[in-house]
Amino acid sequence: MKVICIGRNYINHAKELNNPIPSKPVFFMKPDTAVLRKNLPFFYPEFTQDLHHEVEIVVRISKIGKYIQEEFAHKHYDEIGLGIDFTARDLQNEQKKKGLPWEIAKAFDSSAPIGDFIPKSELGDLNKLSLSLKKNEETVQSGSSADMIFTIDKIIAYVSQFVSLKIGDLIFTGTPEGVGPVKIGDRLTGFLNDKEMFSFEVK
């Protein structure tokens, strides 16, 4: 199982980090050791002083595929979930200045907490999904899949040109604006279409 993450997929998020708006999906990978399940606590890593939350809609692949055409992409997933792409922003900024890869800031252990998954048949229009994140009961991020630059099906079609998709793979589809720091003691609770999907503590 692998984790594929889409960067800069919401215009306002790209703007808040002073990044250009992409013309094609930007993706990077996390290993399976990044996945944190079952609302287990997340332990703040010692190598960063500026850890940021990025809440994202997550797609779980249900059918093997490569070079998937966009019109057939919907056949390759049947469940949607929610997760956080934790980012060591200080390390990422250092890497970006040097033109180096981001993995040190993105792919560390437990950097991809995920919650429950819901059959997509129960979610209605996948291009109008709402997502939000509360930090200690205060909403810090909210958005809609309607604001994605690239839809789920476009992402699958693009990524599968380069990387074969296997059953159980996870695709993090990008984060809306409002990313920000977390600290030890914070509780993060994520919602998809107003349904609580995860709630865990930072320790």
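Net charge within 12 Å of Ile114 by Cβ-Cβ distance, Lys/Arg positive one each and Asp/Glu negative one each, not counting Ile114 itself? Please report the intermediate quantities before stating the final value.
Details: positive: Lys30, Arg37, Lys38, Arg60; negative: Asp32, Glu56, Glu79, Asp85, Asp116.
Net of charged neighbours comes to -1.
With Cα atoms as the point set, the radius of gyration and Dmax of the stretch 157-201 evaluate to 15.1, 42 Å. Dipole orientation for the chain: of the candidates Leu51, Asn19, Leu123, Asn19 has the Cα lying most toward the positive pole (charges on Cβ; Lys, Arg +1; Asp, Glu -1). Segment Ser199..Asn127, full-extension length gain: 23.5 nm, with 0.36 nm per residue of separation and the alpha-carbon distance subtracted.
Summarising the amide proton neighbourhood of Glu79: residues at separation of 5 or more, or on other chains, whose placed amide H is nearer than 5 Å comprise Arg60, Lys120. GNM remark for the chain: springs join alpha carbons under 10 Å apart, and the peak mean-square fluctuation among Phe162, Phe28, Phe108 falls on Phe162.
So what is the diffusion coefficient of the stretch 58-188 in µm² per second by Stokes-Einstein at 25 °C and 0.890 mPa s, using a Kirkwood Rh over Cα pairs?
Estimated via Stokes-Einstein, D reaches 151 µm²/s.
In percent, rounded to a whole number, the relative contact order of the stretch 3-201 is 34, using alpha-carbon pairs under 8 Å and six or more apart.
Only beta bridges with both residues in the chain are counted; by DSSP, about 90 percent of them are antiparallel.
Could you give the size of the charge dipole of the chain about its Cα centre, using +1 on the Cβ of each K and R and -1 on the Cβ of each D and E, expressed in debye and rounded to the nearest 20?
Working: 26 positive and 28 negative charges, 108 e Å.
Computed about the Cα centre, the dipole is about 520 debye.
The HN-Hα couplings worked out from phi for the stretch 174-181 by the Karplus form 6.51 cos²θ - 1.76 cosθ + 1.60 (θ = phi - 60°) are x, 10, x, 5, x, 4, x, x Hz, whole numbers, x standing for Gly and Pro.
Bear in mind that the values in this text are calculations on the coordinates, not laboratory data. Small disclaimer: the values here were computed from a predicted structure and weren't measured. Note that each Cβ is placed from the backbone with ideal geometry, even for glycine, and that neighbours are counted across all protein chains shown.
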